[in-house]
Structures are given as C-alpha cells and as structure tokens.
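Structure record follows, encoded as structure tokens.
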Amino acid sequence: MAVTDFPDQVSEQPEPRPGGLPESGPEPSVRDRLVPPMPGSPLQGWIGPLLVAAFGAVLRFVNLGRPDAVMFDETYYAKDGFSLLNFGVERTAVKDADKLLMQGKTGIWEQCAATELDKCASYVVHPPLGKWLIATGEQIFGMTPFG
C-alpha cells in the first residue's frame, strides 16, 4: 500500500511496478502498450479522409468532358474499350475514326470477312482491365469525351 501525505490515511491503490504498470491485475498485451486506443469518436477519424476524397472528386469530375476532342492516349484506349464492349476483343478502327466519333458516329470498325477475322484484331499492348473500366464509362455515359 502506498503512503499518502497524511500518515493516518492509506491509499487503496497498489504501488506501481517499474514502468508505471500496477502490481496486480493482468499485464497489458504488447499491442495494448504500443497502440493505445484512439481518442475521440470514430466519426472524427473519418471526417478528414472523407473531406480529402470529396475534394479529390471535385477536382477529378468537374469538366471531365473537356476538351471536346479525342486527346493523347484516348485515341487508343477509348476505342479499345468501346471495341471490348461491342465485340469482347480489341478490333482495328477505320482511318479517321476519331473524327467520326466526335461527330457521334460509332460505326468505326474495319469490315472483315468471317475468314479474315485475324486481320481485324488490334495491336494489344496493355492488359484489358483499364480498357474494361473505360468501357464501363462508355456504357453508362455514351461514347463521348465524358464517357
């Protein structure tokens, strides 16, 4: 028992062990000692990440359809995604397919006979997951710069 400032009063708390741990009771686990509970409510822990995500979403999605043209790698991946959506494989587009797409025309694929389908296949460089994600946007929003 610990002695207080007053000699006639005795504290009911056990003397601490070296390191500040009490003498009796189960010893805390290593995790409890190294990772103490977070102060505050769980909502407070989510507010910051949600605000950052909302800010990022605004930066990403505002003016997503600008410019109203086919730019940079869209000339490949948008058409490959559209081809995956329609045929399940990447196909070769006709010459000036980008101009046709900007006019709203989606019949941009080279015509192939059933015996020459290998000549219609497009040169595939990247794995298809990203193209499928682009195809999902095109399915939802149409074959537009935003989609």
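Starting from the amide H of Trp109, placed 1.01 Å from N in the peptide plane, find each other amide H under 5 Å away whose residue is 5 or more places distant or on another chain.
For Trp109, the qualifying residues are Val94.
Please calculate the 1.4 Å probe accessible area of Glu90, with all protein chains present, and give it to the nearest 10 Å².
Using a 1.4 Å probe on the heavy atoms, I get roughly 30 Å².
Hey, rough spin-label estimate for Arg66 and Phe146, points 7 angstrom out along Cα→Cβ, what's it come to in nanometres?
1.4 nm
Please turn the phi angles of segment 53-65 into ³J(HN,Hα) values with the Karplus equation 6.51 cos²θ - 1.76 cosθ + 1.60 (θ = phi - 60°), one per residue in order, whole Hz, x for glycine and proline.
5, 5, 4, x, 5, 4, 4, 7, 9, 6, 6, 5, x
Test of understanding: express the Cα radius of gyration of segment 45-147 as a ratio to 2.2 N^0.38 Å, with N the residue count.
Numbers: Rg = 16.6 Å, N = 103, 2.2 N^0.38 = 12.8 Å.
It is 1.29.
Just the accessible area per residue of segment 71-147, please: how many Å² with a 1.4 Å probe? Please report the intermediate quantities before stating the final value.
Details: 5160 Å² over 77 residues.
Heavy-atom accessible area per residue stands at 67 Å².
Run the accessible area of segment 75-147 with a 1.4 Å probe and give the carbon-and-sulfur part as a rounded percent. Don't skip to the end; give the middle numbers.
Working: 2840 of 4750 Å².
Carbon and sulfur atoms account for 60 percent of the accessible area of segment 75-147.
In square angstrom, rounded to the nearest 10, how much accessible surface does Trp109 have for a 1.4 Å probe?
That residue has around 30 Å² of solvent-accessible surface.
How do Arg33, Arg66, Arg60 stack up against each other in accessible area, from largest to smallest, with a 1.4 angstrom probe? Please report the intermediate quantities before stating the final value.
Values: Arg33 115, Arg66 170, Arg60 145 Å².
Heavy-atom accessible area, descending, gives Arg66, Arg60, Arg33.
The values are calculated or read from the model by the stated rules, or taken from the named source; none is laboratory data. This is a predicted model, so every value here is computed, not measured. FYI the Cβ positions are ideal-geometry reconstructions off the backbone, even for glycines, and counts take in every protein chain you see. These accessible areas exclude ligands, DNA and RNA; they are computed on the full protein's heavy atoms, side chains included. Shrake-Rupley method; radii C 1.70, N 1.55, O 1.52, S 1.80 Å.
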